[in-house]
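Asks: Below is a structure I'd like to ask you about.
The values are calculated or read from the model by the stated rules, or taken from the named source; none is laboratory data. Note that the structure is a prediction, hence the values are computed from the model and not measured. With ideal geometry, Cβ positions are generated from the backbone for all residues, glycine too; neighbour counts draw on all protein chains shown.
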Amino acid sequence: MKVEQSESSALQLLLLNELETAGGAISFRRFMELALYHPEHGYYASGRARIGKEGDFFTSVSVGSIYGRLLASICREVWEVLGSPTEFTIVEQGANDGTLAADILGALIHTEDAFSKAVRYRIVEPLTINRERQQQKLSAFPQFSWFGSLEELPLFTGIHLSNELLDAFPVHSIRWSGSAWEEECVGRNAEELVRTTRPITESDLMKSVELLPTNLPPGFRAEVNTGLAPWLVSIYEKMDRGIILTIDYGQAGEDRYAPHRADGTVLAYQNHRRFTDPLQEPGQRDITAQVDFTVLASEARAAGFEILGYSDQHHFLVGASEAWLRSLGYSAIKHQKDLRALQSLLHPGTMGRQFKAIAFGKGFSSQTPLACFNYQRPGVEVL
């Protein structure tokens, strides 16, 4: 029987009704998908997501335009390594309101050189509300076009760029029982959403958990992102030559299963407050899961990419900013705002160590590392 209207949110009611239809439980991945991307009530799809001081969370983009300008310098270096093609495509996915794109192109708009003339900016954006915000912010730039999915992209040479995209992919939640991995699902207790477990039956999930450690304490929780492989394959098929560069927060290797991660990495954010229970107020809060960079690198290799670099954001931006910092000389006093923003991005106690950058190449020379990976730590060896 359908759940009747109550004081619960519209999405809460939708979830309770879906639980009724599904026999009492749905995967956490399905819950996260609806909570973030339901066309009407999802946190992102509804336009409720806000970044910055007045929003729910900060990103590197919201710290200042220096971040986008440094990424623009990386794009220029990628173009040079590719032989300075007459058409160079920057594909951004997860562009939110278009701020990063505006910062990157803002760094090029005053330079009438071969690189700026070669750049074509393509945004992959399935959400109508985000596309409207992007079109408004980027109306002054002529190099733009939008695509609803990776599959709609034409073949390109260039860079696929994303910042805090993968942490918003819906994930499966799993728990170690002491003898086997079990799927953690979302069930109900009256009108309340609760966690429950069931045996793993989905084939992709079963294959993924076969690679996970089993020397963990009972109750250890982890996440599996089965969306990574098809995402990478889609980009590989659309990329003629170039790189993927993605920046996000997460871990690699054994650090993923450190004792302090026993409750998993899924968190919710609202008004700059962090919540450990993602089931509360669905559609009202951002929900994220930290990236397993070891799995990401493995899936990238399987798709055909070469791993070009892996670094925490501190060392990544040290390399990316070195040439700019050296160029300042005695004019550094005029760039105090940018320098303060860069200091925040580099700070090891916050963004500098929490965020990681990883790059994959296709038909891209790896003999000399990109400047942003000159000082990479911890490096590809830990993947």
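Asks: Identify the single condition in (1) closer than 21 Å to Ile90 by Cα; (2) touching a residue at least 40 places away in the same chain (Cβ under 8 Å) that Ala252 does not satisfy, given that it satisfies every other one.
Replies: Result: Ala252 passes all but (1).
Asks: Additional query: From Leu205, Leu211, Leu216, grab the single residue that is out of contact with any Cys (no Cβ under 6 Å at 6 or more places or on another chain), farther than 27 Å from Gln354 by Cβ and not assigned by TED's automatic domain parsing to the domain that holds Asp103.
Replies: The match here is Leu205.
Asks: Continuing with the same structure: For Leu82, all conditions in the list (1) more than 27 Å from Ala323 (Cβ to Cβ); (2) assigned by TED's automatic domain parsing to the domain that holds Arg353 hold save one; what is the number of the exception?
Replies: (1)
Asks: Continuing with the same structure: Which of the residues belonging to the stretch 267-302 are part of a loop (DSSP other than H, G, I, E, B) and touching a Lys or Arg at 6+ places or on another chain (Cβ under 8 Å)?
Replies: Within the stretch 267-302, the first condition is being part of a loop (DSSP other than H, G, I, E, B), and the residues that meet it are 271-272, 276-285, 289-290.
Pro278, Leu279, Gly283, Gln284 - these are the residues of the stretch 267-302 that are part of a loop (DSSP other than H, G, I, E, B) and touching a Lys or Arg at 6+ places or on another chain (Cβ under 8 Å).
Asks: Could you say which residue among Ser162, Ser145 is exposed (fewer than 12 other Cβ atoms within 10 Å of the Cβ), in the same structural domain as Ile244 (by TED's automatic domain parsing) and either touching a Leu at 6+ places or on another chain (Cβ under 8 Å) or assigned to a strand (DSSP E or B) (or both)?
Replies: On the way: Ser162 fails: exposed (fewer than 12 other Cβ atoms within 10 Å of the Cβ).
The conditions single out Ser145.
Asks: Yes or no: the stretch 178-187 includes at least one residue that is out of contact with any His (no Cβ under 6 Å at 6 or more places or on another chain) and part of a helix (DSSP H, G or I).
Replies: Checked against the condition, which is being out of contact with any His (no Cβ under 6 Å at 6 or more places or on another chain) and part of a helix (DSSP H, G or I), the stretch 178-187 yields no hits at all.
Asks: Of all residues being in contact with a Lys or Arg (Cβ under 9 Å, 6 or more places away or on another chain) and either touching a residue at least 60 places away in the same chain (Cβ under 8 Å) or of a type in the set (Gly, Ala, Ser) (or both) in the stretch 203-222, which is farthest from Arg30 (Cα to Cα)? Just the residue, please.
Replies: This residue is Gly219.
Asks: Looking only at the stretch 267-300, which residues are hydroxyl-bearing (Ser, Thr, Tyr) and farther than 16 Å from Asp167 by Cα?
Replies: Within the stretch 267-300, the subset hydroxyl-bearing (Ser, Thr, Tyr) is 269, 276, 288, 294, 298.
Of everything in the stretch 267-300, just one residue is hydroxyl-bearing (Ser, Thr, Tyr) and farther than 16 Å from Asp167 by Cα, namely Ser298.
Asks: Tell me which of these Leu19 doesn't satisfy, since it passes every other one: (1) closer than 25 Å to Asn163 by Cα; (2) surrounded by fewer than 22 Cβ atoms within 10 Å (Cβ to Cβ); (3) outside the structural domain of Asn271 (by TED's automatic domain parsing).
Replies: Looking at each condition in turn, Leu19 falls short on (1).
Asks: Filter the stretch 259-293 down to residues that are touching a helix residue (DSSP H, G or I) at 6+ places or on another chain (Cβ under 9 Å) and basic (Lys, Arg) and give me whichever is surrounded by the most Cβ atoms within 10 Å (Cβ to Cβ).
Replies: Arg285
Asks: Still on this structure, please answer the following. For Asn96, only one of the following conditions fails: (1) within 19 Å of the chain's Cα centre (by Cα); (2) more than 28 Å from Leu155 (Cα to Cα). What is its number?
Replies: So Asn96 meets the others, but not (2).
Asks: For residues that are surrounded by 19 or more Cβ atoms within 10 Å (Cβ to Cβ) and charged (D, E, K, R), scanning just the stretch 334-357, find the one that is modelled with the lowest pLDDT. Steps first, answer last, please.
Replies: Keep residues of the stretch 334-357 that are surrounded by 19 or more Cβ atoms within 10 Å (Cβ to Cβ), which gives 338, 342, 345-346, 351-352, 355-357.
Still in the list and also charged (D, E, K, R): 338, 356.
On the way: Asp338: 93, Lys356: 98.
Once the filter is applied, the top-ranked residue is Asp338.
Asks: Check Leu317, Leu308, Leu279, Leu325 and return the single one that is of a type outside the set (S, T, N, Q) and closer than 19 Å to Gln354 by Cβ.
Replies: Working: Leu308 fails: closer than 19 Å to Gln354 by Cβ; Leu279 fails: closer than 19 Å to Gln354 by Cβ; Leu325 fails: closer than 19 Å to Gln354 by Cβ.
Of the residues listed, the single one that is of a type outside the set (S, T, N, Q) and closer than 19 Å to Gln354 by Cβ is Leu317.
Asks: From (1) closer than 20 Å to Leu370 by Cα; (2) out of contact with any strand residue (DSSP E or B) (no Cβ under 7 Å at 6 or more places or on another chain); (3) of a type outside the set (D, E, K, R), pick out the condition that doesn't hold for Ile109.
Replies: Condition not satisfied by Ile109: (1).
Asks: Next question, about the same structure. Just to check your reading of the model, which residue among Val186, Val209 is in contact with a strand residue (DSSP E or B) (Cβ under 6 Å, 6 or more places away or on another chain) and more than 21 Å from Leu267 (Cα to Cα)?
Replies: Working: Val186 fails: more than 21 Å from Leu267 (Cα to Cα).
Unique residue meeting the criteria: Val209.
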